[in-house]
Amino acid sequence: MNANVQLAALVDVDQDAVTPLAKEYGARAFTDYREMLDAGVVDAVSIATPHHLHTMMGLACLEAGVHVLMEKPLANRVSEADALVAAARARKLKLAVNHQYRVHRLSLEMKRVLDSGTVGRILRVLWTWLLFRSDAYYRRDRWRSTWDTAGGGVIMYQASHDLDLLCWMIGKPALVSAVLANQLHSSVLDDIASAWFQFTNGAVGSFQASINSPKGFSVRQVQGDKGVLMLQDVASLYDDEDEIVQVQSYEDQLSHLVIAQEDHEAQPGGTYQTITLKKERSTRWSRTIERVNRRLLHKEVVVRLSPRAVLLNDFVDSIISNRDPLVTGESARDTIEVINACILSALRKRIVQLPLDTEQYDDLFMELTKGSVSVPRFR
Ligand SMILES: NC(=O)c1ccc[n+]([C@@H]2O[C@H](COP(=O)([O-])OP(=O)(O)OC[C@H]3O[C@@H](n4cnc5c(N)ncnc54)[C@H](O)[C@@H]3O)[C@@H](O)[C@H]2O)c1
């Protein structure tokens, strides 16, 4: 437990679940978040409710002067995300988002390599996220299966993490073209998504996310004019021990070779570096996170915390030190913009330019919730 945090209240509509849990932690139990806010017992909240409640609850908390750590996705629509970001800014409150993939060691290692300039100017990105989820996963709670509650299928629920990583590592795309489909599942939502991105520097990206593909073969490749960064066949970004990040550095910059190379069939050679993640491996980014944890936990020995605990500690430290959290509301808002752009592109069948026209998306979202527009089903 973070020494600077006291768990003051727990809220859940399920009274039978919240009462014993609150008792166990010496906190007050509420079944209505507005009553908790009226009681004035919290300075900060962590909101982990179904997606459609994020905006309403987040705005109420911010308006009550309470800092917010929001589960991903920040909101279902970018217009809602904008409202949350504006409310936090207006009241000088922290709005952080649980995109915990950003503190996975593999992501930190990729980010470190990209920021070091080793691969140079980025030309191409190939990125997949694959997992199998049966219908039973969605039957647990109805909110996971409808547009008005979940805000999308795999593109929103699961791919939001990897699209957040893409925006964080590469930048927000300028052009988006996507297809969504429902191939196997009984819900009305997408279970597979494929997108093509053009980034502002001209780099192109291909992205696939699917819950129809057993995990184990995800590929993440970023190629620049000086080298290429590769993560092959990764089952999970979290269970990372002994996973390998490969980096190939070309013998010369491709922008030079394309002019200077006289042999028209010659392929540029290069040197390979493999970075294996061991238990104790510490990157520059993870060292920063470990420092935060050490300070907040008042421990000299670094405890390897779960990524979610890392972000919770970071959120607390951002309030105490009055600095930005690692995952700001603004950056998570950009991720929602890209997701909304993918949905708009796929269902209106056109290339979408960013910044996204939020009114166009709100109109489409209304049609999706009414069922007058739907994700194509293939059987
Ligand atoms: N960061 C991650 O990797 C990760 C993983 C799983 C889920 N999530 C996110 O966490 C959030 C919750 O997902 P979940 O799988 O835990 O959902 P869930 O349905 O299992 O749990 C949601 C909880 O919210 C409660 N709830 C519903 N309406 C409420 C209300 N009006 N007031 C108070 N409580 C209410 C429910 O009773 C339930 O306990 C979602 O945003 C989801 O995307 C994030």
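Between Q221 and V188, the modelled label-to-label distance comes to 3.8 nm, taking each label 7 Å out from Cα in the direction of the beta carbon.
I need the peptides 197-207, 17-27 ranked by packing, meaning the mean over residues of other C-beta atoms within 10 angstrom, with the highest value on top.
The packing order, highest mean first, is 197-207, 17-27.
Per-residue ellipticity at 222 nm from helix content only, as computed over the chain with -39500 (n - 2.57) for each DSSP H run of at least four residues, stands at -11000 deg cm²/dmol.
If R₀ is 22 angstrom, what is the calculated FRET efficiency for the pair V373 and Q353, using the beta carbon separation as r and rounding to 0.05?
My answer for the efficiency is 0.60.
Using the Cβ-Cβ distance between R142 and E63 with R0 set to 25 Å, the FRET efficiency from 1/(1 + (r/R0)^6) comes to roughly 0.30. L184 sits among other residues whose Cβ lies under 12 Å from its own Cβ, and their net charge, with Lys and Arg +1 and Asp and Glu -1, is 0. Residues with beta-carbon under 14 Å from that of Y250, excluding Y250: net charge, scoring Lys, Arg +1 and Asp, Glu -1? Taking every Cβ under 14 Å from that of Y250, the sum is 0. If you sort the three axes of the alpha carbon gyration tensor as a ≥ b ≥ c, you get a/c of 1.5 or more for the stretch 51-175 and a/b no higher than b/c, which makes it oblate. For the stretch 319-379, the list of chymotrypsin sites (Phe, Trp or Tyr not before Pro) that fall in a loop by DSSP and count at most 12 other C-beta atoms within 10 angstrom reads F378. Under the rule a/c < 1.5 gives rounded, and otherwise a/b versus b/c splits prolate from oblate, where does the chain land using the Cα gyration tensor? Verdict is oblate for the chain. Summarising the strand pairing of the chain, around 70 percent of its internal DSSP beta bridges are antiparallel. Descending by average beta-carbon neighbour count within 10 Å, the peptides 327-337, 307-317 line up as 327-337, 307-317, the highest first. Angle between the Cα long axis of helix 54-63 and the longest principal axis of the chain, 0 to 90 degrees, nearest 10? Orientation of helix 54-63: about 60 degrees from the principal axis. Among S187, S107, S116, the largest mean-square fluctuation in a Gaussian network model of the chain (Cα springs under 10 Å) belongs to S116.
Per-peptide packing, taken as the mean over residues of other Cβ atoms within 10 Å, places 246-254, 217-225 in the sequence 217-225, 246-254 from highest down. Taking a Cβ cut-off of under 14 Å around S210, the surrounding Lys, Arg, Asp and Glu residues balance to a net charge of -1, with basic ones at +1 and acidic ones at -1.
FYI, it's all coordinate maths here, none of it is from the lab. Because the structure is predicted, anything quoted here is derived from the model rather than measured. Glycine also receives a Cβ, built like all others from the backbone with ideal geometry; neighbour counts cover every protein chain displayed.
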